[in-house]
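The values are calculated or read from the model by the stated rules, or taken from the named source; none is laboratory data. These figures come from a predicted structure and were not determined experimentally. All Cβ positions, even for glycine, are placed from backbone atoms using ideal geometry, and neighbour counts span all protein chains on display. Calculation scope for accessible area: heavy atoms of the full protein, side chains included, ligands and nucleic acids excluded. Shrake-Rupley method; radii C 1.70, N 1.55, O 1.52, S 1.80 Å.
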Amino acid sequence: MLAYIATRVGRAIFTISLVLTFSFTILAATGDPALLIMSVDAPPEAIEAFRERYGLDASVWQQYIGYLGNLLQGNFGQSLRDGRDAWDVVVERIPLTLALTVPAFLLKIGIGIPAGIYAALHRNSFLDRLVMMISVAGYTVPSFVLGLILILVFAVNLGVLPSGGQDTWRHAILPIVTLGTAGAAIIARYTRSAMLEVLGQPYIRTARAKGVPWPKAVRRHALPNAAIPTLTVVGLMVGSLIAGAVVVESVFSWPGVGRLLISAVANRDLMIVQAILLLVAVCMVTSNLLVDIAYGLIDPRLRGRSGSRKT
Amino acid sequence: MREPLVRINGLTIDFDTGQSNVRALHGFDLQIEKGEAVGIVGESGSGKSITWLGALGLLGPRARVAGSVRLDGREILGLGEREMAAIRGKRVAMIFQDPTSSLNPVHRIGRQLVESLVLHRGMSARSASAEARRLLERVQIAAAAQRLSEYPHELSGGMNQRVMIAMALAGEPDLLIADEPTTALDVTIQAQILEVLKEMRRETGMGLVIISHDLGIVAELADRVVVMYAGRPVETAPVSRIFDAPRHPYTRGLLAALPEIDGALERLVAIPGQVPEPHKLPPGCPFAPRCAQANANVCDETVPTMRAIAQDHAAACALIHTAKPEALRSLELA
Amino acid sequence: MTSAPLISVSELRRTYKVKTTGGWFSPTAELKAVDGVSFDIRPGETLGLVGESGCGKSTTAKLVLGLIPATSGKVVFEGKPVAADSKRAWREQRRRMQMVYQDPLGALDRRLPVGAQAMEPLDIFGEGTKAERRDRMLALFDAVGLPRTSVDRYPHELSGGQRQRVVLARALMLRPSLLVCDEPISALDVSIQAQVINLLKDLQEQLGVAYLFISHDLKVVRHVSHRVAVMYLGRIVESGRPEAIMRAPAHPYSQALISAVPSPRARGKERIVLEGDPPSPVDIPKGCAFHPRCPLATDRCRSEAPELRPFGEQRHVACHRAGVSITSARGAA
């Protein structure tokens, strides 16, 4: 198990270093920030000074080394707009985003998994078909469309909930529902197909043939096995807790990380974009790592062979 | 009259495929006495496995099982899930073809054995794990204590089938149904498993239903044999009669088509054609299209039923019963 | 039968590096899938290769065909070495050596009519005109006993036995001199197996094709083979004429294997039951690989691996105690 975890951690570190290099390359390739930030008619001396200040006059390799060195020290550079520390600008938005994504995540799991299990256990029943229909609708309708429909119904027509902003908890309801719906739909589908696959396995027949009553057979024998594929999707969703709300935050004017990203892109505030990119990458890689470790805990076959397997 | 352990009457199984209904078992009758070993032989689609899965309510919602299955005189077909669960594993246990995928991959061997012991013998977790170890030793698994904490993927196929047998013994059943128990195993491992099954039967006196496509395995384990074809039994007799004096053309054909390990090396006499699909059965005798003796007037008209030929020997073939003596003789010669 | 061999295999070896655990830095071990196998097959002859799963018989088949490169050893087919890397020469050789697998459905494309699939080898090598190819296909469909009406059918519309006939027809399309059959009848129903066994024998008689026939089923091997080689853990432990081996197996493993075959005609016979499972090919025992399971093993067997040596007429056995019967040794003890 230890060797298994060590391998996964090694891979995670490798992935993050790839992302770092990639994001540096993209930034270096998008052009000279000095020209983007300074006005077109700025005097050449001012542009030179800007370059010197941000270390843009060094060679690409030197910049790359400096960039990595800065990151290791937790220095993400300054926002090119207002000169504040980029990391600080990003971090102060995180709680706001989590206020949407964490409840939405609980909603996805709380609805998606039970719905998927129910649908699988009652395959081809009316409720199974209904669940699957809602689920298809849930993830085919883009979240900005769903968000706008919810605004139209609850804010404009019924007037019971606000349409945007973040002043009270009531402002969070519509964005949370919008986020949760698509995720719940995806989880329900995955859980259903994982359960159906597992329920058809010979060991479920064995459990029943040895006299395990059906509800117990489902709980003890089917669920742990069905959890393995479901975990993959859930893990992806954990990874997107920070940056998974870009569209919804824009629709509901919610000042989280997602909206910051959009405005930073629009304003060419590359240091902010880079900090967010890195944050997202680290979140994704970490959640993947956690999923891998959880796999190992649930599925003994992945832990590597301790004993000598005989064929 | 004393009730047999199991009495199956007119068992039929239909599968609802959505558009249509396909009958997979067309009426099956059988009695099994306490301690008796019955072999069920057939090819794919003969209905040999689903008969038993259906009788124990293990076929799932798309199967419709009708008829009667009595255990010690008590009707068990149509019992509720909880009452059926109390019978499965306790009165009637089952083992399957692919032992490794028949065990839960995420549970340790010990836990899977203990589960049966707690269910059927009401044991506490501690005494159950001591008993689990004893069960593994009974099926001759070396280092039993260590095996208890291993997972199925860490054991060989033969070892896993021993675990399945140990698990079946946990409930001290009256009848063990072994559905192709050695088909997925190598021949030397198959020999071990057959030994274990014989040994367990000697020890416990439990009855056995051995389901196999391999006549050799059935011959080895069974007292009595039922030959099935296309969802129907076609011949039943004590093991010696079925192999030494088979009467149904299909049984004879199967034996003639079987390559042998010794004896004269002759060209095999193959049965022509192929096993009919369940939804495309011929109108009369299901074997008629492949049968060299088939008589268009008799065999293509009605489905023959099982009728006694001699003591304990019955066959479903119109020719055996209607044929004039000379026709019978030609059947003997064939 | 003194003609030159069609194919000659000598000291064929194939090892794999495997990790003992799942990690990146876990130690590797050597898996010996095939460990020094030699045999000849003459034109029109059948060599049956028997053994249990993991004994290396299927790997041997792939090595013979050049589908995977050998670690060492040599395969000479029709006088030329078979090499997996030289593409052009290998393609020429592959016309003359074809393969038939266990699962006919997996070997066929389910979106193409079977007739078109059977003709494909001719299309690939551009043999003859379109009409000639079709004639050849129809002739082979006749030869393998497929009705001409099945030409336009799709694989799923045929039964298992018919599909295997299609696969056979396709394999024979280029008039190969060697057909490697890997468990060709194992997936078929009992009543269909005899049909295919008879068909294979008839085709050999008509076309003079040689077979390397790989199977775990001794009864079938006895019926189709002119010579048999028994494999255990990557090596041939006994080879010879099937009648001689089946009647009086000389290697204790062959004895156990033959005695383990259940047969309705030999009910209740005393059987040699080996203890334990075959060892992993990663961890082959020292000395004779069979010694931990062998009831006849002596100290010599535990330290010194036996060579394959002549034993009687046309027979080779790799055993220090070749010819000693397990049953009579037990009776004496």
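Take residue C:282, project a point 7 Å from its Cα along the Cβ direction, then tell me which residues of the stretch C:218-237 have their backbone nitrogen under 18 Å from it.
C:233-234
Between residue C:13 and residue C:95, what length comes free when the chain is fully extended (0.36 nm per residue of separation minus the Cα-Cα distance, one decimal in nm)?
27.1 nm
Nearest 5 percent is fine: what portion of the DSSP beta bridges confined to the protein assembly as shown is antiparallel?
Of the beta bridges lying entirely in the protein assembly as shown, close to 60 percent run antiparallel.
What FRET efficiency do you get for residue C:309 and residue A:5 if R0 is 45 Å and r is their Cβ-Cβ distance, rounded to the nearest 0.05?
Calculated value: 0.30.
Within chain C, which is the longest segment that contains none of the chymotrypsin sites (Phe, Trp or Tyr not before Pro) sitting in a DSSP loop with at most 14 other Cβ atoms within 10 Å?
C:126-333
Whole angstrom only: what separates the Cα centroid of the stretch C:60-105 from the Cα centroid of the stretch A:81-102?
Answer, in whole Å: 63.
When Lys and Arg each count +1 and Asp and Glu each count -1, what net charge do the other residues less than 9 Å away from residue A:135, Cβ to Cβ, add up to?
+2
Once label points are set 7 Å from the Cα along Cα→Cβ at both residue C:88 and residue C:76, what is their separation, rounded to one decimal in nm?
Here the answer is 2.4 nm between the modelled labels.
Compute the angle between helix B:109-121 and the longest alpha-carbon principal axis of chain B, please, reported from 0 to 90 degrees and rounded to the nearest 10.
For B:109-121 against chain B, the angle is about 80 degrees.
Taking only Cα atoms and a 10 Å spring cutoff, compute GNM fluctuations for chain A and point out the largest among A:79, A:23, A:59.
Judging by the Gaussian network model, the answer is A:59.
State the dimensionless ratio Rg/Rh of the stretch C:107-175 (Rg: radius of gyration of Cα atoms; Rh: Kirkwood radius).
When Rh is taken as the Kirkwood radius, the ratio is 0.93.
How long are the three semi-axes of the equivalent ellipsoid of chain A, in whole Å, if each is the root of 5 times an eigenvalue of the C-alpha gyration tensor, listed from largest down?
Calculated on Cα positions only, the semi-axes equal 44, 29, 13 Å.
Projecting each Cα onto the charge dipole of the protein assembly as shown (Lys/Arg +1, Asp/Glu -1 at the beta carbon, about the Cα centre), which of C:274, C:140, A:230 comes out farthest on the positive side?
Looking along the dipole axis, the top candidate is C:274.
Let's see if you can work this out: charge +1 on each Lys and Arg Cβ, -1 on each Asp and Glu Cβ, no other charges. What is the dipole magnitude of the stretch C:107-175 about its Cα centre, in debye to the nearest 20?
120 debye
Along Cα→Cβ, 7 Å out, is where each label goes; now give me the distance between the ones at residue C:300 and residue C:125 in nm to one decimal.
Reported label-point gap for residue C:300 and residue C:125 is 5.0 nm.
Considering the Cα trace of the protein assembly as shown, what is its radius of gyration and what is Dmax, both in angstroms?
So, for the protein assembly as shown, Rg and Dmax equal 34.6, 121 Å respectively.
Peptide B:104-114: average number of partner chain Cβ atoms within 10 Å per residue?
Per residue, the number of nearby Cβ atoms from other chains is 4 on average.
Go ahead and run the numbers for FRET between residue B:34 and residue B:244, Cβ-Cβ distance against an R0 of 22 Å, rounding to 0.05.
E(calc), rounded to 0.05, equals 0.25.
Which residue fluctuates most in the GNM of chain C (Cα springs below 10 Å): C:95, C:302, C:14?
C:302
Can you compute 3J(HN,Hα) from phi for each residue in the stretch A:152-163, using the Karplus curve 6.51 cos²θ - 1.76 cosθ + 1.60 with θ = phi - 60°, rounded to whole Hz and x for Gly and Pro?
Using θ = phi - 60°, the values come out as 4, 6, 8, 8, 7, 6, 7, x, 8, 10, x, 8 Hz.
Ignore the peptide's own chain and count Cβ atoms of other chains within 10 Å of each Cβ in C:280-290; give me the average, rounded.
1
Mind checking the dipole of the protein assembly as shown: about its Cα centre, +1 per Lys or Arg Cβ, -1 per Asp or Glu Cβ, Debye to the nearest 20?
The dipole of the protein assembly as shown has a size of about 1340 debye.
Could you compute the net charge surrounding residue A:115? Neighbours are other residues with a C-beta less than 12 Å from the C-beta of residue A:115; K and R count +1, D and E count -1.
Net charge in that neighbourhood comes out at +2.
List the residues of the stretch A:75-109 whose backbone N lies under 18 Å from a point placed 7 Å from the Cα of residue A:263 along the Cα-to-Cβ direction.
A:78-100
Considering only C:204, C:216, C:256, whose Cα is most displaced toward the positive end of the charge dipole of the stretch C:195-259, charges sitting on Cβ of Lys, Arg (+1) and Asp, Glu (-1)?
With unit charges placed on the Cβ atoms, the residue in question is C:256.
Take the Cα pairs of the stretch B:1-98, get the Kirkwood Rh, then feed it into Stokes-Einstein at 25 °C and 0.890 mPa s and tell me D in µm²/s.
D = 172 µm²/s.
In deg cm²/dmol, rounded to 500, what helix-only [θ] at 222 nm does chain C give when every DSSP H run of at least 4 residues adds -39500 (n - 2.57) and the total is split over its residues?
It lands at -9500 deg cm²/dmol.
Leaving out ligands, DNA and RNA, and with a 1.4 Å probe, what % of the accessible surface on the stretch C:107-175 is carbon or sulfur?
Roughly 49 percent, rounded to a whole number.
Starting from the Cα of residue A:170, step 7 Å along the direction of its Cβ; do the same at residue A:133; then give the gap between the two resulting points in nm.
About 3.4 nm, to one decimal.
What is the dipole size for chain B, taken about its Cα centre, with +1 at each Lys and Arg Cβ and -1 at each Asp and Glu Cβ, in debye to the nearest 20?
720 debye
Note down the net charge around residue B:94, summing +1 for each Lys or Arg and -1 for each Asp or Glu among other residues with Cβ under 9 Å from its Cβ.
+2
Calculate how many DSSP beta bridges within chain B are antiparallel, expressed in % of all such bridges and rounded to the nearest 5.
If we restrict to bridges inside chain B, about 60 percent are antiparallel.
Between residue B:256 and residue C:110, what FRET efficiency follows from the Cβ-Cβ distance if R0 is 25 Å, with the result rounded to 0.05?
The computed FRET efficiency comes out at 0.15.
Partner chain Cβ atoms within 10 Å, averaged over the residues of B:78-89 - can you pull that number for me?
Other-chain Cβ atoms within 10 Å of each residue's Cβ, averaged: 3.
Which residue, C:37, C:100, C:273, has the most motion in a Gaussian network model of chain C that connects Cα atoms within less than 10 Å?
Top of the fluctuation ranking is C:273.
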